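Everything on this sheet refers to the single structure shown next.
The values are calculated or read from the model by the stated rules, or taken from the named source; none is laboratory data. Remember, it's a predicted structure, so these values are computed and weren't measured experimentally. Using ideal geometry, Cβ is built from the backbone for each residue, glycine included, and neighbour counts are taken over all protein chains shown. Ligands, DNA and RNA are stripped out before the accessible areas are found, and what is left, the full protein with its side chains, is counted by its heavy atoms. Shrake-Rupley method; radii C 1.70, N 1.55, O 1.52, S 1.80 Å.
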Amino acid sequence: MTTHQIVLIPGDGIGPEVAAATIRVLEAAGAPLQWVEHHAGVAALETLGEVLPEQTLDAIRERGLALKGPCTTPVGEGFTSVNVQLRKRLDLYAAVRPVRNLPGVSTRYEDVDLVVIRENTEGLYSGIENEVTKGVVTSLKVATESASRRIARWAFRYARDRGRKKVTVMHKANIMKLTDGMFIRCARAVREEESFTDVEYEELIIDAGCMKLVQDPTQFDVLLLENLYGDVLSDLCAGFVGGLGVIPGANIGNDYAVFEAVHGSAPDIAGKGVANPLALIMSGVMMLNHIADTRGDERCRVSAGQIRDAYNSALSDERKTRDLGGDLDTDGFASAVIERMAG
Ligand code: NAD
């Protein structure tokens, strides 16, 4: 029987810790995966002299799939984000981040079940910044019709395939009439021209949209956002359901997919063995379901279901990491999940 080769990028900070815990869980579930380790980020800079080695990109191109820990990016100086480069180089244009309440994790909100879909390749992440003259700098927001259309198409298709009812675009087209204006015009056009009119559609100016989100996130279903808004709102939405330790993610393109948690390298807790591995475990579950959907390997769907049931059961039994009010460390939580798959 086939095993699926997956490129594993442990990443920086808490990355290697949560990646090791995730692999233990995936292996315990009997997922038919084989790991091929490559590096990116500070880890790659230290060993290979560059933050995004060509061999890492080639490995993903060859295998099609990767599971990735977070990579550190220096703030306000230094190299450009490895994560942004990776998404652009592999054209992973759709970031998908499901946000759901979990059993045993009580928050201010109940019944939250929404998905953030973020355009991953352009907007203010073009990295085109200039110093016009001393004390005056610019940052260029780039939007193209083709990228705006394809992310809208992806979001409507996703909504329809998963039985979701509504796509909400949040934008600032009252101010950025060309860039955000094009983003909403493309969403409207794709919905009409490509017959997605069975999916409800809504547009909100993002400032008012944020207020509505925090008042009642249960009124939202799929959020379609350009790059920066998607980045910010992913973390905002994480706060509804327990924080960054519980939000998985996928970066999907036409040819490749890279699965990673929404959180970063968390330097404040790195090396202490206390990070919550659940977000990366959930990203692994997304990857297994993706393999089942795209390669027809139903064994992966079975493993995904087992892991999901096991982490839900662990959380219900109050077996949680510190960020969720529990006392387990990274490995302790992975063990609690594994015990429940064995039982
Ligand atoms: P962060 O997500 O790393 O951390 C924010 C807060 O959440 C911290 O208090 C951290 O301890 C906590 N946290 C995050 N993940 C957690 C987990 N699994 N378990 C428990 N607590 C967790 O964001 P930051 O501190 O703003 O960024 C740190 C670095 O990560 C930066 O260099 C940034 O560029 C990078 N980053 C990388 C990615 C990525 O690789 N995809 C994403 C976001 C940030």
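Of note:
- A straight chain from Arg160 to Ile175 at 0.36 nm per residue would run longer than the Cα-Cα distance by 2.3 nm.
- Those residues of the stretch 247-289 whose amide nitrogen sits under 17 Å from the label point placed on Val36, 7 Å along Cα→Cβ: 255-259
- Note on Met182: accessible area approximately 40 square angstrom, rounded to 10, probe 1.4 Å, nucleic acids and ligands left out.
- Protein heavy-atom surface of the stretch 1-56, 1.4 angstrom probe: 53% of the accessible area is carbon and sulfur, with nucleic acids and ligands not counted.
- With a cut-off of 13 Å on the backbone N, the residues of the stretch 22-55 near the modelled label site 7 Å out from Arg63 along Cα-Cβ are 23, 32-40.
- For the listed peptides 307-313, 274-280, a ranking on the average number of other beta carbons within 10 Å per residue, highest first, reads 274-280, 307-313.
- Label point 7 Å beyond Cα of Ile128 along Cβ direction - residues of the stretch 144-173 with amide nitrogen under 16 Å: 144-148
- Under the criterion of Cα pairs below 8 Å and six or more residues apart, the relative contact order for the chain equals 23 percent.
- Cα-based shape type of the stretch 1-112, given that a ≥ b ≥ c are square roots of the gyration tensor eigenvalues and the cut on a/c is 1.5: oblate
- Fully extending the segment from Thr107 to Phe79, taken as 0.36 nm per residue of separation minus the present Cα-Cα distance, adds 6.4 nm.
- Ligands, DNA and RNA aside, Arg118 has an accessible area near 10 Å² when probed at 1.4 Å.
- Shape call, the stretch 141-265: gyration tensor on alpha carbons, a/c limit 1.5: rounded
- Antiparallel content of DSSP bridges confined to the chain, in %, to 5: 40 percent
- Three-way shape call for the stretch 253-314 based on the alpha-carbon gyration tensor, with the a/c threshold at 1.5: oblate
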